[in-house]
Structures are given as C-alpha cells and as structure tokens.
1. Name every residue in region 1-29 that is open to solvent by less than 50 Å² (accessible area, probe 1.4 Å) and among the hydroxyl-bearing types (S, T, Y), in order of residue number.
2. Going by what's in this entry, would L96 be described as within 27 Å of T119 (Cα to Cα) and open to solvent by less than 10 Å² (accessible area, probe 1.4 Å)?
3. Please pick out the residue among E55, E33 that is closer than 18 Å to K84 by Cα, of a type outside the set (A, V, I, L, M), open to solvent by 30 Å² or more (accessible area, probe 1.4 Å) and out of contact with any Lys or Arg (no Cβ under 7 Å at 6 or more places or on another chain).
4. Whether any residue in region 62-84 is open to solvent by 30 Å² or more (accessible area, probe 1.4 Å) and small (G, A, S) is what I want to check.
5. With the structure loaded, tell me whether Q72 is of a type outside the set (A, V, I, L, M, F, W, C) and in contact with a strand residue (DSSP E or B) (Cβ under 7 Å, 6 or more places away or on another chain) or whether it fails that test.
6. Out of all the residues in region 1-21, which are part of a strand (DSSP E or B) and among the hydroxyl-bearing types (S, T, Y)?
7. Being in contact with a Leu (Cβ under 7 Å, 6 or more places away or on another chain) and at pLDDT below 95 is true for just one of Y17, Y104. Which residue is that?
8. So which helices (runs of 4 or more DSSP H) are wholly in region 22-132 and hold at least 1 residues that are over 15 Å from L2 (Cβ atoms) and over 12 Å from the mean Cα position of the chain (by Cα)?
Amino acid sequence: MLLALDVGNSDITLGLYERDQWRHVWRIPTMVELPAMYFSMRLANQFLEWGIAKEEIKVVGISSVVPELTPQLDDACASLFNLKPVVLGPEIYKKLPLVILRPYEIGADLVCNAMGAYTLSNRVVSWPTLARH
C-alpha cells in the first residue's frame, strides 16, 4: 500500500492507495513549527483508528510546496514505517517520462498532477518503481 502526503500551505492531505483505488484520505493542518514526533503520532493514531497495520505501507511518497516541513515528515515516516520516503523534487523529476523545464521553480503538486495524468493514460511508471531507483 502507498501512503501519499501532499503538503500544501494550509493542509497536508494524506491518502492510502491500494489496488488502483484510494482506500482512505484525510487532512491535517500544515504547521511547520511542530516536530516529527507530532506527525508520527498523528499517523499512528489514524492507522489505529482504521485498523490498518503500519507494516502494510510499502511505499511513502511526499509532495510538498512547504519545503521547511519536509524534513519532519520524512523523519516521521522513516521512523514509523521504517521506510525512506520518496520526496518528489528536482532529483526525482529526472527519472520521470516528463519534460520539466524549470525543475527548481515548479511546484511538486503540479508535477504530481502531470505524472498522474501521464500514468493514467499510459500505465508506465509507479511510485514503487521510483522508490527502487
């Protein structure tokens, strides 16, 4: 199962994706001043509430337009799931079958949308594939 985190200026939208469908989607407020432990506990509590074992998570992907929050989320996911999250950014863009003209200027959310459209129309690459590189 994939855990996707879309970090926006107001909210972090989180989703669990499995077998070509979103199983759960929820939001938590974006608060850059909070430590990784806060986000780790919020995730753990949500998983307990839904009866989902954290071991079911095989890939974590983070798309963020709030770069100062990315380290806390990366640390929270790494400690909770024992996985290194795939953080969508200029280094990952090079592995995508898309042309990103200004990789350090475009928002990761826009690249995710473009990649989602490309994947739906072509079914060629997935988050687990990117995580293996």
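1. Residue satisfying the conditions is T13 alone.
2. Here the answer is no, as L96 does not meet what is asked.
3. Matching residue, one of E55, E33: E55.
4. yes
5. Taking the combined requirement at face value, the residue does not satisfy it.
6. Listed by number, the residues that qualify are T13, Y17.
7. On the way: Y104 fails: in contact with a Leu (Cβ under 7 Å, 6 or more places away or on another chain).
Selected residue: Y17, the only one of Y17, Y104 that is in contact with a Leu (Cβ under 7 Å, 6 or more places away or on another chain) and at pLDDT below 95.
8. 36-50, 70-81, 90-93, 108-122
The values are calculated or read from the model by the stated rules, or taken from the named source; none is laboratory data. Please read these numbers as outputs of a predicted model, since none were measured by experiment. Please note: Cβ atoms are built from the backbone with ideal geometry, for glycine as well, and neighbour counts cover all protein chains shown. Accessible surface areas use protein heavy atoms only, side chains included; no ligands, DNA or RNA. Shrake-Rupley method; radii C 1.70, N 1.55, O 1.52, S 1.80 Å.
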